[in-house]
1. I'd like to verify a number: residues in the stretch 85-125 that are within 14 Å of ligand 2 (Cβ to nearest atom) and more than 14 Å from the chain's Cα centre (by Cα), how many?
2. Hey, could you check the stretch 44-91 for residues that are touching a Leu at 6+ places or on another chain (Cβ under 8 Å) and among the basic types (Lys, Arg) and say which is nearest to ligand 1 (Cβ to nearest atom)?
3. From the list ALA110, ALA79, ALA88, pick out the single residue that is in contact with a Phe, Trp or Tyr (Cβ under 7 Å, 6 or more places away or on another chain) and over 23 Å from ARG10 (Cβ atoms).
4. Quick check on the stretch 124-160: of everything there that is among the basic types (Lys, Arg) and out of contact with any helix residue (DSSP H, G or I) (no Cβ under 8 Å at 6 or more places or on another chain), which residue is surrounded by the most Cβ atoms within 10 Å (Cβ to Cβ)?
5. If you take the residues of the stretch 23-39 that are within 16 Å of ligand 2 (Cβ to nearest atom) and in contact with a strand residue (DSSP E or B) (Cβ under 9 Å, 6 or more places away or on another chain), which of them is nearest to GLN146 (Cα to Cα)?
6. Of these, PRO114, PRO130, which one is within 15 Å of ligand 1 (Cβ to nearest atom) and free of Cβ contacts under 8 Å to residues at least 60 places away in the same chain?
Amino acid sequence: MLACLRITSRNADETHAIGRLIGSNARPGDLFLLTGPLGAGKTCLTQGIAWGLGVKERPRSPTFVLLARYSGRLTIHHADLFRIEGAADALTLGLDDCLNDDDVCIVEWADRAPELFVEPSLRIEMDHHPNENDTRTITLQTDHSQYQPILNALAARERR
Ligand SMILES: Nc1ncnc2c1ncn2[C@@H]1O[C@H](COP(=O)(O)OP(=O)(O)OP(=O)(O)O)[C@@H](O)[C@H]1O
Ligand SMILES: [Mg+2]
């Protein structure tokens with residue numbers, strides 16, 4: 001199974017709403033691998049996902065902390081690999097402990113250490129288009145049926 005869905009977001013509120021839908025349909029063990037250039041909206045989407053999982057705080061970019069943990073309906077680990085040199089750095093951070101069957105893991109700049117992520121994941125690529133009213137495209141791709149409820153919910157939102 002290979003599923004792919006591309007969504008356009010016109011502003012940060014819309015990206016938050018898309019994230020909320022992902023979060024409210026997330027399951028234990030879900031791994032969201034976020035990629036895309038600086039300022040594309042990865043942290044914005046992460047906030048929505050966390051809020052959809054019942055987190056009350058506003059997740060920030062863990063650029064200096066690199067790894068943050070939030071509590072909602074599930075435990076959420078939020079990593080930002082922008083500053084790491086390679087997979088060994090991420091392991092030093094303790095990222096491998098976050099990749100378990102119970103928690104949700106959201107990784108910004110996941111392409112900095114792709115070899116770390118062998119578990120079933122939902123890949124989310126964000127891109128921004130300064131020449132098209134600064135819209136964002138959010139492309140979701142997975143080979144794993146555990147993410148079908150998320151894709152179904154997003155597809156239903158697109159059909160509205
Ligand atoms: N459609 C949109 N979706 C998301 N963010 C948007 C959108 N339109 C404008 N923005 C703005 O773009 C910025 C996105 O910043 P954000 O920190 O989420 O990006 P990022 O991909 O996490 O960057 P970094 O690589 O530095 O971590 C925010 O200031 C947000 O308000
Ligand atoms: Mg960010």
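Just so you know, all these numbers are worked out from the coordinates, no wet-lab data involved. Keep in mind the model is a prediction, meaning the values are calculated, not measured. Glycine gets a Cβ as well: all are built from the backbone with ideal geometry, and neighbour counts include every protein chain shown.
1. Total meeting the criteria: 1.
2. Result: ARG83.
3. From the options ALA110, ALA79, ALA88, the qualifying one is ALA110.
4. Selected residue: ARG159.
5. It comes out as PHE32.
6. The conditions single out PRO130.
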